[in-house]
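Notes to accompany the following structure.
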Amino acid sequence: MKRVIAIYPGSFDPLTNGHLDLIERGSKIFDELIVAILRNPEKDPLFTLDERLEMLTAMTCHRENVRVDSFEGLTVDYAMRVNASAVLRGIRAISDYEYELQMALMNRKLEPRLETVFMMPAEAYSYLSSRLVRQVATLGGSIKDLVPDLVEKKLREKLGSPAQRQAARRSKAGKD
Ligand code: PNS
């Protein structure tokens, strides 16, 4: 019987609980799920590729049919290289739909054999994005319950604790 391999491509900068929720759901319906981190030379990510690979691997290694990889270039080319027949993407709200539809249709134009499968994360994560997590963490807000503990710890290591950041802001304001 044909094994259905899916890729779940993204930036994962950083991995959030919404991503993990989708990985869990995807791993239940596909025989193999490859979480594929885009190596984008034009972007300046908060976490290096190695850091993102490490965090994603640590958080998914309990799932036998999930593996983590990285890729550069077109998603469809990568999907064909790993024999995937589906691309998994999450849709949180209507606002995601237009961009995701555009991407799915472009990918279909480029590679008609590849299907995009949309899944919805739990409602609790419907407002969550890596961009907001980066912003809130950088400005000293709490990101507890939004990212795995490991990611929270790594964010703190990278950005300093909320108290340290507040102190740095106060000291900067004092100098201005
Ligand atoms: O997590 P993100 O940033 O929303 O993921 C976007 C991603 C990586 C899925 C998308 O940018 C992508 O597929 N990039 C690879 C380049 C590509 O294939 N472009 C054509 C598809 S529209």
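The values are calculated or read from the model by the stated rules, or taken from the named source; none is laboratory data. Please read these numbers as outputs of a predicted model, since none were measured by experiment. A quick note on method: Cβ atoms are made from the backbone with ideal geometry, for glycine too, and the neighbour counts reach across all protein chains shown. Only protein heavy atoms, including side chains, enter the accessible area calculation; ligands, DNA and RNA are left aside. Shrake-Rupley method; radii C 1.70, N 1.55, O 1.52, S 1.80 Å.
Quick check on my filter: what residues within the range 67-93 are over 14 Å from the mean Cα position of the chain (by Cα), of a type in the set (A, V, I, L, M) and at pLDDT 95 or above?
Leu74, Val76, Ala79, Met80, Val82, Ala84, Ala86
Open to solvent by less than 50 Å² (accessible area, probe 1.4 Å) and either over 18 Å from Met119 (Cα atoms) or of a type in the set (Asp, Glu) (or both), is that true of Met55? So that I can check it myself, show each step before the final result.
On the way: open to solvent by less than 50 Å² (accessible area, probe 1.4 Å): yes; either over 18 Å from Met119 (Cα atoms) or of a type in the set (Asp, Glu) (or both): yes.
Yes, satisfied.
Name every residue in the range 14-52 that is part of a helix (DSSP H, G or I), open to solvent by 10 Å² or more (accessible area, probe 1.4 Å), under 22 Å from Glu152 (Cα atoms) and aliphatic (A, V, I, L, M), in order of residue number.
The answer is Leu20, Leu49.
If Asp96 passes every condition in (1) without any contact (Cβ under 8 Å) to a residue 12 or more places away in the chain; (2) more than 15 Å from the chain's Cα centre (by Cα); (3) within 26 Å of Leu46 (Cα to Cα) but one, which one does it miss?
Asp96 satisfies every listed condition except (2).
Which residues, counting only those in the range 88-102, are within 8 Å of the ligand (Cβ to nearest atom) and either of a type in the set (D, E, K, R) or in contact with a helix residue (DSSP H, G or I) (Cβ under 8 Å, 6 or more places away or on another chain) (or both)?
Correct list: Arg89 only.
Among the residues of the range 66-87, write down those that are part of a loop (DSSP other than H, G, I, E, B) and either within 12 Å of the ligand (Cβ to nearest atom) or surrounded by 15 or more Cβ atoms within 10 Å (Cβ to Cβ) (or both).
If the condition is that a residue be part of a loop (DSSP other than H, G, I, E, B) and either within 12 Å of the ligand (Cβ to nearest atom) or surrounded by 15 or more Cβ atoms within 10 Å (Cβ to Cβ) (or both), then Glu72, Gly73, Leu74, Val82, Ala84, Ser85 are the ones that fit.
Going through the range 111-147 one residue at a time, which ones are buried (at least 16 other Cβ atoms within 10 Å of the Cβ), within 13 Å of the ligand (Cβ to nearest atom) and farther than 22 Å from Ile5 by Cβ?
Those that are buried (at least 16 other Cβ atoms within 10 Å of the Cβ), within 13 Å of the ligand (Cβ to nearest atom) and farther than 22 Å from Ile5 by Cβ: Leu128, Ser130, Val133, Arg134.
With respect to the numbered conditions (1) more than 13 Å from the ligand (Cβ to nearest atom); (2) open to solvent by 20 Å² or more (accessible area, probe 1.4 Å), which one is the sole condition not fulfilled by Arg108?
Arg108 satisfies every listed condition except (1).
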